[in-house]
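Below you'll find the structure, written out as structure tokens, and then a few comments.
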Amino acid sequence: MNQLPIYILAGGRSSRFGSDKTRAQLGGGPLIAQLVRLLAPVATGVTLIADRADRYADLGLRGIADLRPGRGPLGGLETALLDAGPGAWCGLIAGDWAGVRPEWLSLLMEHRRVDARFVLFGRPRPEPLFGLYHASLLRTVAAQLDAGRLAMRDLIASVPGVVLPVPADWAEAVNINCQEDLERFIHGKGAAQCVTSAEKS
């Protein structure tokens, strides 16, 4: 099976949730630990990007400090690309996903191309926080950050990439942005009307 380094963005403020949503209990453990476990089969390693490297040391999870704290997902992507190294593809995943499937990442990997800088699913617009990015994006990402343009959609619109139809079971995954999202996911009712990762970016 193809594998690549996966980076989970875990530096959000969780203001809508009311506490650190990455530590919300789901399936007998913290949400973030469940996400790492689910993604591990398709990863050469799973790394959490947070405000400090040891934020999840108590859970035994590898972390690195965000190079530009407070700059949102785009800042986290810069940190991931630098850590992955030149020429590498890496996965970038929001830390508030529940119910994702490792085979979705495998599907993205199958569609990497030499002329592409990202591979994402669209619904209908691309979902930037569950996808693959190539290290050759680093200079573009840094320039966009320096200019204060933090939207991931601006990056996606400026470089070539691949956007795939969402998997048939995509709706089973939920971004946990508030307590209602968590409760509805646990009871199999889908997401509440909170802000999605695509809207945040």
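Do we have Arg117 as closer than 29 Å to Ala171 by Cα and among the basic types (Lys, Arg) here?
Details: closer than 29 Å to Ala171 by Cα: yes; among the basic types (Lys, Arg): yes.
Criteria met by Arg117.
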Discussion item. Out of everything in region 33-56 that is touching a strand residue (DSSP E or B) at 6+ places or on another chain (Cβ under 7 Å) and in a helix (DSSP H, G or I), what residue ends up being farthest from Ala98 (Cα to Cα)?
Written reply: Ala40
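Any residue that is in contact (Cβ under 8 Å) with a residue 24 or more places away in the chain, of a type in the set (Ser, Thr, Tyr), touching a Ser or Thr at 6+ places or on another chain (Cβ under 7 Å) and buried (at least 18 other Cβ atoms within 10 Å of the Cβ) - is there at least one of those in region 21-38? Show your work before the answer.
Of all residues in region 21-38, those in contact (Cβ under 8 Å) with a residue 24 or more places away in the chain come to 21-22, 24, 26, 30-36, 38.
When the remaining residues are screened for being of a type in the set (Ser, Thr, Tyr), the result is 22.
Cutting the leftovers down to touching a Ser or Thr at 6+ places or on another chain (Cβ under 7 Å) gives us none.
No, region 21-38 contains no residue that is in contact (Cβ under 8 Å) with a residue 24 or more places away in the chain, of a type in the set (Ser, Thr, Tyr), touching a Ser or Thr at 6+ places or on another chain (Cβ under 7 Å) and buried (at least 18 other Cβ atoms within 10 Å of the Cβ).
Would you be able to tell me the number of residues in region 95-108 that are hydrophobic (A, V, I, L, M, F, W, C) and at pLDDT 95 or above?
Restricting attention to region 95-108, the residues satisfying the condition of being hydrophobic (A, V, I, L, M, F, W, C) are 97-98, 100, 104-105, 107-108.
Within this subset, residues satisfying the condition of being at pLDDT 95 or above are 104-105, 107-108.
Residues meeting the conditions: 4.
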Discussion item. Can you tell me which residue is surrounded by the fewest Cβ atoms within 10 Å (Cβ to Cβ) among those in region 51-80 that are modelled with pLDDT of 95 or more, within 20 Å of Leu150 (Cα to Cα) and small (Gly, Ala, Ser)?
Written reply: Ala65
Practice prompt. Among the residues of region 114-147, write down those that are more than 17 Å from Gly85 (Cβ to Cβ), in contact with a Lys or Arg (Cβ under 7 Å, 6 or more places away or on another chain) and either free of Cβ contacts under 8 Å to residues at least 24 places away in the same chain or not in a strand (DSSP E or B) (or both).
Written response: Leu145
Fill in: Near pairs, Cβ below 7 angstrom, 6+ apart or cross-chain, from region 170-184 (among the aliphatic types (A, V, I, L, M)) to any residue that is surrounded by fewer than 16 Cβ atoms within 10 Å (Cβ to Cβ) and modelled with pLDDT under 80
Ala171/Gly190; Val174/Gly190
Worksheet item: (1) surrounded by fewer than 14 Cβ atoms within 10 Å (Cβ to Cβ); (2) touching a residue at least 12 places away in the same chain (Cβ under 8 Å); (3) not small (Gly, Ala, Ser): which one isn't true of Trp97, the others all being true?
Response: (1)
Practice prompt. Quickly run through region 82-94 and pick out the residues that are under 16 Å from Gln3 (Cα atoms) and surrounded by fewer than 16 Cβ atoms within 10 Å (Cβ to Cβ).
Written response: Gly85, Gly87
Discussion item. Restricting to region 115-125, count the residues that are at pLDDT below 95 and either within 14 Å of Val159 (Cα to Cα) or surrounded by 15 or more Cβ atoms within 10 Å (Cβ to Cβ) (or both).
Written reply: 0
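Do we have Leu67 as part of a helix (DSSP H, G or I) and under 19 Å from Leu138 (Cβ atoms) here?
Details: part of a helix (DSSP H, G or I): no; under 19 Å from Leu138 (Cβ atoms): yes.
So Leu67 does not fit the description; no.
Inside region 141-157, can you point out the residues that are loosely packed, with under 15 Cβ neighbours inside 10 Å and closer than 20 Å to Ala88 by Cα? Walk me through it before giving the result.
At the first step, the residues of region 141-157 found to be loosely packed, with under 15 Cβ neighbours inside 10 Å are 143, 146-149, 153-154, 157.
Hit for region 141-157 is Ala143, nothing else.
Considering only region 158-201, how many residues are modelled with pLDDT under 55 and either part of a strand (DSSP E or B) or small (Gly, Ala, Ser) (or both)? Walk me through it before giving the result.
So the first thing to find is which residues in region 158-201 are modelled with pLDDT under 55, and the list is 189-201.
Of the ones still in play, those that are also either part of a strand (DSSP E or B) or small (Gly, Ala, Ser) (or both) are 190-192, 197-198, 201.
Residues in region 158-201 being modelled with pLDDT under 55 and either part of a strand (DSSP E or B) or small (Gly, Ala, Ser) (or both): 6 in total.
The values are calculated or read from the model by the stated rules, or taken from the named source; none is laboratory data. Predicted model, so just to flag it, every value in this text is computed and none were measured. Here Cβ is always computed from backbone atoms with ideal geometry, including for glycine, and neighbour counts include all displayed protein chains.
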